[in-house]
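Student: What follows is a structure written as structure tokens; I'll ask about it next.
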Amino acid sequence: MNCSTFDTIRNYIHSLALYIVEENTEEEVFIVKQENMGISNLIIDCEAPVLILEQHLFQIPKPSIELYTALLQKNRFLLRGSFFIDTKQENIFFHDSLLLKDLSFDQFAASIHAVTFAVYEHGKSLINILEK
């Protein structure tokens with residue numbers, strides 16, 4: 001990716017009033033937060049040809065079929081992106097990706113808002129399943 005695209009993404013981040021916790025220009029990665037949007041250490045990774053957004057949501061105390069089923073069912077109602085479980089089955093994340101070619105502010109904003117929607121719309125019910 002070229003420097004101007006990375007700068008454009010930085011400008012998008014600032015335009016959405018997200019706070020950059022960490023920025024690695026070599027790896028082309030931002031870590032951002034905006035607690036009133038439910039965003040905490042959201043990873044924005046420029047892996048040409050895509051932009052990857054990953055938000056850690058919860059640690060899994062004990063894996064269960066009920067949890068896996070709920071995640072798959074909730075994925076159907078997400079505006080963008082999806083929930084996923086890491087390979088060690090220890091954590092739940094939200095993931096979205098966008099093509100960097102012709103990336104617009106509106107597309108980027110929609111992905112950021114999808115994180116917020118996923119947390120607010122489904123977070124409480126996932127916590128209830130995790131606490132069982």
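The values are calculated or read from the model by the stated rules, or taken from the named source; none is laboratory data. Everything numeric in this text was worked out from a predicted model, so none of it was measured. Here Cβ is always computed from backbone atoms with ideal geometry, including for glycine, and neighbour counts include all displayed protein chains. Accessible surface areas use protein heavy atoms only, side chains included; no ligands, DNA or RNA. Shrake-Rupley method; radii C 1.70, N 1.55, O 1.52, S 1.80 Å.
Student: First measure r as the distance between the Cβ atoms of Ser104 and Asn128, then evaluate 1/(1 + (r/R0)^6) with R0 = 35 Å and state the FRET efficiency to the nearest 0.05.
Tutor: Result of the calculation: an efficiency of 0.45.
Student: Can you run phi through the Karplus equation (6.51, -1.76, 1.60; θ = phi - 60°) for segment 117-127 and list ³J(HN,Hα) in whole Hz, with x for Gly and Pro?
Tutor: 4, 4, 5, 6, 6, 10, x, 4, 5, 5, 4
Student: Scan the chain and report its longest stretch carrying no GluC sites (Glu not before Pro) that are both in a DSSP loop and have at most 13 other Cβ atoms within 10 Å.
Tutor: Here the longest segment lacking exposed loop sites spans 28-89.
Student: Quick one: Karplus J couplings for segment 88-98, per residue in order, coefficients 6.51, -1.76, 1.60, θ = phi - 60°, nearest Hz, x for Gly and Pro?
Tutor: Values per residue, Gly and Pro as x: 8, 6, 10, 9, 10, 10, 10, 9, 8, 9, 9 Hz.
Student: Scan around Phe58 for amide H atoms under 5 Å from its own, H built in the peptide plane at 1.01 Å from N, and keep only partners 5 or more places away or cross-chain.
Tutor: Excluding prolines and chain starts, which carry no amide H, the hits are Ile92.
Student: Test of the criteria: in segment 29-131, which chymotrypsin sites (Phe, Trp or Tyr not before Pro) are in a DSSP loop and have at most 15 other Cβ atoms within 10 angstrom of their Cβ?
Tutor: Taking segment 29-131 and a limit of 15 other Cβ atoms within 10 Å, the loop chymotrypsin sites (Phe, Trp or Tyr not before Pro) found are Phe77.
Student: On a C-alpha basis, how far is the centre of segment 74-117 from the centre of segment 38-71 in Å? Whole number, if you could?
Tutor: Result: 8 Å between the Cα centres.
Student: Turning to a different aspect of this structure: So how exposed is Leu42, as accessible area in Å² (1.4 Å probe, rounded to 10)?
Tutor: 0 Å²
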